[in-house]
Amino acid sequence: MPATVPRRPASAAFGGGLLVAALASFVGGSALQLQQPVLWETSVYACFMALAGAIACFAAIRKIVHGARWGLVLSAALLAGFALVGLRAVVFQSQALNPALEGRDLLLRGTVATMPQQNEAGMRFRFDVDAATLDGAAVRLPPRLYLGWYGGVWQTQAAGSAQVLAEPQQQPPEIRPGDRWQFNARLKAPHGSANPHGFDYELWMWEQGLQANGTVRAGPKDPTPQRLGAGTPHPVERARQQVRDAIFASVADRKLAGVVAALVTGDQNAIDRADWDIYRATGVAHLMSISGLHITMFAWLAATALGWLWRRSPWLCRLWPAPSAALLGGLLLAAGYALFSGWGVPAQRTVLMLATVGLLRLGGVRWPWPVVCLLAMAVVVAADPWALLQTGFWLSFVAVAVLFASDSGKTGGRRAQRKPAPEHPPGSAAEAAASVGNLDDSNLIADNQVGTPASSRFLSIFREQWVVTLALTPLTLLLFGQVSGVGLLANLLAIPWVTLVVTPLAMLGMLYAPLWTGAAGAVGLLGGYLQVLAALPFATLSVPAPALWAGAAGVLGGLLLVLRLPRPVRVLGLPLLLPVVLWQAARPAPGSFELLAADVGQGNAVLVRTAGHSLLYDAGPRFSSESDAGNRVLLPLLRAFDEKLDTVLLSHRDTDHIGGAPAVLAMQPQAALLSSIESSHPLQALRSATRCVAGQRWRWDGVDFEILHPQAADYDGSAKSNALSCVLRIAGGGKVALLVGDIEAAQEARLVASGAPLKADFLLVPHHGSKTSSTAGFLDAVQPQLAVAQTGYRNRFGHPAPEVQARYRERGVALVESPQCGALGWRSDSVGVPQCQRQVAKRYWQHRWP
């Protein structure tokens with residue numbers, strides 16, 4: 001390869017803007033396909049693809065008018081983007097799990113494909129299926145499954161006060177990637193909770209290439225799982241598992257070892273949830289797992305070392321210039337690092353971005369930064385179109401575009417216009433890393449500024465942090481509803497500390513294990529600093545989730561404030577920020593109320609809102625010692641509404657009703673606690689509870705609340721927890737709602753006999769639809785128009801029971817199940833059907849109710 005590469009003018013390289021428009025049109029076509037509620041037939045997308053090719057060929061005719069050529073090229077790119085994504089989606093969806101196979105005992109034979117993720121109950125791993133049978137007959141399954149193998153099951157103690165891991169019938173064996181196994185498993189389609197502003201689990205499974213999850217059956221009545229030997233080699237995954245196990249063996253503190261393991265192997269599940277809370281509150285969560293920042297810095301460090309070694313050999317320098325060799329070597333080593341860390345979607349995006357910019361530099365192409373960013377975006381979208389729906393994708397590109405456009409330090413426009421010295425052709429890996437920047441995080445590390453005083457370098461880093469923080473704050477509020485108020489202070493120390501101290505020590509530990517202890521110590525020092533910041537009252541700032549137009553105005557305002565524009569133009573960004581800062585979620589009118597029955601799986605959680613007050617009835621289940629409905633569903637929901645609860649009412653002590661309460665109470669210190677839990681219950685240590693007793697009444701904003709059950713005398717006996725469920729009646733706006741917890745037939749009969757005001761328009765189905773509840777006499781007394789059963793998809797209890805469904809159907813009651821509806825919204829002042837979250841924005845990757 002020649003020592004220097006002649007530069008081509010930008011206008012010749014991208015056709016005077018035509019390429020830019022074509023790239024934008026391709027990305028737009030891909031985004032348009034993602035809005036489809038259902039997929040079309042394969043032939044439709046194939047016709048669109050053929051049409052795009054025909055239009056492109058016609059546009060190549062020289063006699064075409066310049067303006068017409070633009071229209072043809074844009075149309076071809078739009079159709080190509082739309083059709084390519086559609087074809088990929090159709091092919092992938094054709095591999096979906098047959099609904100008839102859900103919940104059946106299937107005999108699977110295949111290979112463990114990934115390093116298992118450990119938890120307190122067992123492990124989860126990805127499994128490549130070689131063969132599957134049902135009752136001896138071969139069946140077709142998706143090629144890769146997401147399986148759990150547990151040694152026991154979470155169950156409620158007899159006292160009903162806590163959920164514990166039962167003694168396992170059989171401990172899960174040690175499994176390793178590449179091992180072939182045969183075992184029984186029960187599968188189901190990917191089905192996650194659907195809540196406003198909630199995590200889209202089904203989209204995550206789609207993007208990961210998984211169309212079924214399930215559980216290995218290893219109980220006493222199941223066939224014994226058999227290890228069949230070695231299958232398809234997975235040397236990288238096996239090495240990752242060996243390194244992770246070695247880290248935990250070398251570092252005594254398991255919490256610190258988990259962070260080190262996450263930085264080396266990408267195992268984010270190894271990090272303790274309490275630590276994640278601190279990292280998120282201080283805005284450094286992006287540093288504690290393999291991300292674009294780590295891979296970019298690794299590329300820069302690897303390229304620097306390779307360049308230094310390359311220059312030591314005159315023969316190598318004559319063969320190929322050191323900067324070009326360093327760039328290519330840095331990219332390859334960064335790709336290897338991303339592969340070893342699990343090849344996650346963010347890592348894949350970063351490697352593609354680095355490769356795109358690096359290849360441009362190697363080719364001697366010097367395009368303006370908007371074109372480079374757009375090309376990188378188009379490459380990523382072509383590889384993974386569903387990345388357009390990921391928050392990290394937009395934070396990445398906006399952050400880099402802001403740094404380029406604001407000419408921050410040496411990362412932006414002046415660098416793009418500066419010609420390198422003749423002996424250094426384009427291709428510096430440091431330059432590529434700085435140009436690409438941290439395309440997966442909202443923070444950058446400035447590259448080395450040779451000859452610049454340390455104070456100037458520090459000011460440059462501080463300015464970059466400040467510019468990105470200011471510009472991304474509106475976007476962060478739009479996407480997450482909150483932003484770290486101490487993120488700037490935290491990242492100024494955390495970024496260099498993690499990338500230049502912790503991560504190198506953690507990586508070098510693979511050569512000399514005692515260095516892992518040093519890395520853990522460095523993590524501990526940083527953790528102490530972050531804990532101080534997280535304890536500050538302004539550590540986390542939140543606003544209600546704004547409407548799309550308000551968020552877009554805020555993002556534009558943030559960009560105007562940091563761009564290198566005349567000051568009068570930049571000042572215009574301030575009023576554009578006001579819609580985000582001052583946005584308030586709509587509330588019911590005085591005298592009326594609204595309910596939101598959250599989708600929490602098998603459990604109850606209903607948010608009640610009036611014009612100026614709010615109440616949470618139950619807090620959903622606890623899924624494991626590390627996960628519950630409070631953290632996973634309710635906290636994001638309350639943050640999005642910027643809700644300050646006046647009361648948390650926990651109907652009774654069962655964990656499917658109070659599992660998320662600790663997280664909610666910690667977030668809502670002002671909320672009063674009303675419940676039937678006993679005085680010795682652990683929750684009493686978090687918040688002293690007032691007993692709910694029939695006859696209690698209060699009035700908020702013209703809406704009446706009344707407790708109908710239990711009676712005071714019920715607390716003196718040995719009643720089951722279900723029998724003590726607090727029954728709440730809410731009346732306002734001419735409508736009545738009845739929330740009844742897990743009362744059963746005896747309590748229903750007593751309520752009917754007592755003459756309590758039971759007639760209601762909205763009924764929370766008793767005990768999730770258990771056959772021991774929803775008796776005929778009770779339903780005749782309530783006469784609801786709408787009944788909501790909050791249950792889990794394919795729950796093991798079979799709720800709601802068929803006979804219960806029949807009773808509601810016989811009375812003409814609309815029975816809605818949360819797995820089918822998602823979160824359900826109902827207003828006392830509206831006429832018509834309630835709003836189901838799964839119907840609000842249908843997309844083709846979402847699970848369809850069988």
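The values are calculated or read from the model by the stated rules, or taken from the named source; none is laboratory data. All values derive from a computational prediction rather than experimental measurement. Cβ placement follows ideal geometry from the backbone for every residue including glycine, while neighbour counts extend to all protein chains displayed. Each accessible area value is taken on the protein alone, full model and side chains, heavy atoms only, with ligands, DNA and RNA left out. Shrake-Rupley method; radii C 1.70, N 1.55, O 1.52, S 1.80 Å.
Taken over region 510-548, the residue count meeting the criterion of being surrounded by fewer than 17 Cβ atoms within 10 Å (Cβ to Cβ), polar (S, T, N, Q) and touching a strand residue (DSSP E or B) at 6+ places or on another chain (Cβ under 9 Å) is 1. State the number of residues belonging to region 660-715 that are part of a helix (DSSP H, G or I), among the small types (Gly, Ala, Ser), in contact with a strand residue (DSSP E or B) (Cβ under 9 Å, 6 or more places away or on another chain) and over 21 Å from ALA605 (Cβ atoms). Final tally of qualifying residues: 1. Criterion applied to TRP300, TRP310 was being open to solvent by 10 Å² or more (accessible area, probe 1.4 Å), in a helix (DSSP H, G or I) and at pLDDT below 90, and the one residue passing it is TRP300. Restricted to region 473-509, and to residues there that are assigned to a helix (DSSP H, G or I), β-branched (Val, Ile, Thr) and touching a strand residue (DSSP E or B) at 6+ places or on another chain (Cβ under 8 Å), the residue that is surrounded by the fewest Cβ atoms within 10 Å (Cβ to Cβ) is THR473. Between ALA89, ALA83, ALA138, ALA131, the distinction of being under 23 Å from TRP343 (Cα atoms) and modelled with pLDDT of 95 or more belongs to ALA89 only. Residue pairs whose Cβ atoms lie under 8 Å apart, separated by 6 or more positions or on different chains, with the first residue in region 643-655 and closer than 15 Å to GLU706 by Cα and in contact (Cβ under 8 Å) with a residue 12 or more places away in the chain and the second in a loop (DSSP other than H, G, I, E, B) and open to solvent by 20 Å² or more (accessible area, probe 1.4 Å), are VAL648/ARG687.
Among the residues of region 103-117, write down those that are open to solvent by 10 Å² or more (accessible area, probe 1.4 Å) and more than 25 Å from the chain's Cα centre (by Cα).
Result: GLY103, ARG104, ASP105, LEU107, ARG109.
For the residues LEU533, LEU596, the requirement of being in a strand (DSSP E or B) and within 26 Å of the chain's Cα centre (by Cα) singles out LEU596.
Just for region 688-721: of the residues that are of a type in the set (A, V, I, L, M, F, W, C) and within 14 Å of ILE677 (Cα to Cα), which one is least open to solvent (accessible area, probe 1.4 Å)? Per the criteria, the residue is CYS692. Just checking, does region 563-570 include any residue being out of contact with any His (no Cβ under 6 Å at 6 or more places or on another chain) and open to solvent by less than 10 Å² (accessible area, probe 1.4 Å)? No, that holds for no residue.
Only one of ARG570, ARG564 is among the basic types (Lys, Arg), assigned to a helix (DSSP H, G or I) and more than 30 Å from GLY198 (Cα to Cα). Can you tell me which?
ARG570
Please enumerate the residues belonging to region 242-253 that are outside any loop (DSSP other than H, G, I, E, B), touching a helix residue (DSSP H, G or I) at 6+ places or on another chain (Cβ under 7 Å) and open to solvent by 40 Å² or more (accessible area, probe 1.4 Å). Correct list: PHE248, SER250. Number of residues in region 270-297 that are in a helix (DSSP H, G or I) and modelled with pLDDT of 85 or more: the value is 9. Per this entry, ARG639 is not counted among residues that are outside any strand (DSSP E or B) and closer than 23 Å to ASP742 by Cβ. Going through (1) part of a loop (DSSP other than H, G, I, E, B); (2) touching a residue at least 12 places away in the same chain (Cβ under 8 Å); (3) open to solvent by 30 Å² or more (accessible area, probe 1.4 Å) one by one, GLY755 falls short only on (2).
When restricted to residues that are among the aromatic types (Phe, Trp, Tyr) and either under 21 Å from the mean Cα position of the chain (by Cα) or part of a strand (DSSP E or B) (or both), region 536-561 contains 0.
Being part of a helix (DSSP H, G or I) and β-branched (Val, Ile, Thr) is the filter; apply it to region 768-826 and report the residue that is farthest from GLY103 (Cα to Cα).
Among them, the one singled out is VAL782.
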